[in-house]
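Engineer: Below: one structure in C-alpha cells.
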Amino acid sequence: ESNITEGYAKHRVVTKGFNVPPHANTFDALTNRYRIPSHLLANLSTNGYTQPTSIQSYGIPILLEHRDLAAISPTGTGKTLTYTFPIFSSLGNPSTTANSDAGLGVRALILSPTRELAHQIHNECLKLSQGRKWKVVLFSKATANTLTDKKARDKVDIIISTPLRLIASIRSGHLELENVRHLVLDEADRMLDSEFLSQVQEIVAACNHPKLQKAVFSATLPANAEKIAMGMLNNPIRVVVGTKDT
Ligand code: ADP
Ligand code: MG
C-alpha cells in the first residue's frame, strides 16, 4: 500500500460495455468534467490521495455517470475510494442539511461480507466526509437500536453493513431502503457465493428506487459469481485491472 503509485505502470485495464466514459488520469480531470463538491476534493488531498489508481481512473467516471459497474481489481488498488468518492459527490448534501424537496433517509448502502471490512470502509468514508455533516453508519445491533426511530433514520445518509444484520432491521420494519440510489457489494466474490447470495438478493429487492445504481467490487470474480452479478446489474460496464506480466 505504501508504494501504491509504483503499481500503476504495471496495470493493464480492460473495459467492456456500451458507451464507456473516458477515464480520468488525474482528480483534476474529473473536476473539468463533473461537478465535484469542493469539500470532497479538499478531503482527497488532506488524506494524501493525490493521484487516482487505475481502478479509480476508470471506475469513478463510470459511477459519476450513474452507470452500473462490475469492477475487478487486485487487493490494495484502492477499490474503496472508487465507490465512496462518487457516492459523496452524487449525494451532494447530507440529509440533515437538505431542502425539504431533496431525498431524505438512507441513500447509499454498502454491503460487506465481514464486520472488519465494514469497519475499514466506514473509516474510509469518514476521511471523505470531513468538514460536512454526513451521517455514515456502521450498522450493528447497537446502531440498529438507535435507528428504530424513523426521525433518526431519516438523518442517515450512508449505511455500511453485513447482510444478515441489515435483514433483521428490514424484516422488523425498522429500515426502509426505498430511497437508496447507490448500492455497492464489496468483495462481491463472497457476497454472491452461496453463503450470502439469498441475503443479498433480499436486500437488493428491498432497494426499489427506480434510479438505483448498483456496483460490485472484487479482487477476483469467478465465472459463477460473474454470471450472477451480470444478471443483477443493468447495462453494466465491466472494468478489469490486471498486471501486465500476467
Ligand atoms: P482494495 O479495496 O482495492 O484492496 P483499499 O481501498 O483498501 O484497496 O485501498 C488500499 C490502500 O490504498 C488504503 O490504505 C487506501 O487509503 C490507499 N489508497 C487508495 N487510493 C489511493 C490513492 N489514490 N492514493 C494513495 N493511496 C490510496
Ligand atoms: Mg477492498
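The values are calculated or read from the model by the stated rules, or taken from the named source; none is laboratory data. Keep in mind the model is a prediction, meaning the values are calculated, not measured. Quick reminder, even Gly has a Cβ in these numbers, built from the backbone with ideal geometry, and neighbours come from all protein chains shown. All accessible areas refer to the heavy atoms of the entire protein, side chains included, with ligands and DNA or RNA removed. Shrake-Rupley method; radii C 1.70, N 1.55, O 1.52, S 1.80 Å.
Engineer: So for ASP68, ASP154, what's the accessible-area order with a 1.4 Å probe, most first?
Structural biologist: Highest to lowest solvent-accessible surface, that is ASP154, ASP68.
Engineer: Of the DSSP beta bridges with both residues in the chain, give the percent that are antiparallel, rounding to the nearest 5.
Structural biologist: In the chain, approximately 20 percent of DSSP beta bridges are antiparallel ones.
Engineer: Farthest toward the dipole's positive end in the chain, which of GLY17, TYR58, ASN179, given Cβ charges of +1 (Lys, Arg) and -1 (Asp, Glu) about the Cα centre?
Structural biologist: ASN179
Engineer: First check a/c for the chain, with a ≥ b ≥ c the square roots of the eigenvalues of its C-alpha gyration tensor; if it is under 1.5, answer rounded, and if not, answer prolate when a/b is larger than b/c or oblate otherwise.
Structural biologist: In terms of gyration-tensor shape, oblate.
Engineer: Can you compute the helix-only [θ] at 222 nm over the chain? Use -39500 (n - 2.57) per DSSP H run of at least 4 residues, normalise by all residues, nearest 500 deg cm²/dmol.
Structural biologist: Taking each H run of at least 4 residues, the total per residue is -11000 deg cm²/dmol.
Engineer: About its Cα centre, how strong a charge dipole does the chain have in debye, to the nearest 20, once Lys and Arg get +1 and Asp and Glu get -1 at the Cβ?
Structural biologist: Dipole magnitude for the chain comes out near 420 debye.
Engineer: If I fit a long axis through the Cα atoms of helix 115-129 and take the longest principal axis of the Cα atoms of the chain, what angle between them do I get, 0 to 90°, rounded to 10?
Structural biologist: Here the helix axis deviates by roughly 80 degrees.
Engineer: Can you classify the range 120-240 as rounded, prolate or oblate using the Cα gyration tensor, where a ≥ b ≥ c are the square roots of its eigenvalues, rounded means a/c under 1.5, and otherwise it's prolate if a/b beats b/c and oblate if not?
Structural biologist: Taking the square roots of the gyration eigenvalues as a ≥ b ≥ c, the range 120-240 is prolate.
Engineer: Please report the carbon-and-sulfur percent of the accessible area for the chain; probe 1.4 Å, protein heavy atoms only, DNA, RNA and ligands left out.
Structural biologist: Taking all protein chains in place, the chain shows 50 percent carbon and sulfur surface.
Engineer: Next question, about the same structure. Cα centroids of the range 145-160 and the range 24-80: how far apart, whole angstrom?
Structural biologist: Here the two parts' Cα centres lie 28 Å apart.
Engineer: With +1 on each Lys and Arg Cβ and -1 on each Asp and Glu Cβ, and nothing else charged, work out how big the dipole of the range 68-195 is about its Cα centre, in Debye to the nearest 20.
Structural biologist: With only Lys, Arg, Asp and Glu charged at Cβ, the dipole is about 520 debye.
Engineer: In addition: How would you classify the range 44-187 from its alpha-carbon gyration tensor, with a ≥ b ≥ c the square roots of the eigenvalues: rounded for a/c under 1.5, else prolate if a/b is greater than b/c, otherwise oblate?
Structural biologist: prolate
Engineer: At a probe size of 1.4 Å, how large is the accessible area of TYR34, to the nearest 10 Å²?
Structural biologist: Approximately 40 Å² for this residue.
Engineer: Considering only DSSP beta bridges whose two residues both sit in the range 103-246, what percent are antiparallel, to the nearest 5?
Structural biologist: Rounded to the nearest five, the antiparallel share is 0 percent.
Engineer: Now a separate question. Rank these by accessible area, largest first, 1.4 Å probe: MET230, MET191.
Structural biologist: Descending order: MET230, MET191.
Engineer: What is the helix-to-structure angle for 197-206, meaning the angle in degrees between its Cα long axis and the longest Cα principal axis of the chain, kept from 0 to 90 and rounded to the nearest 10?
Structural biologist: 70 degrees
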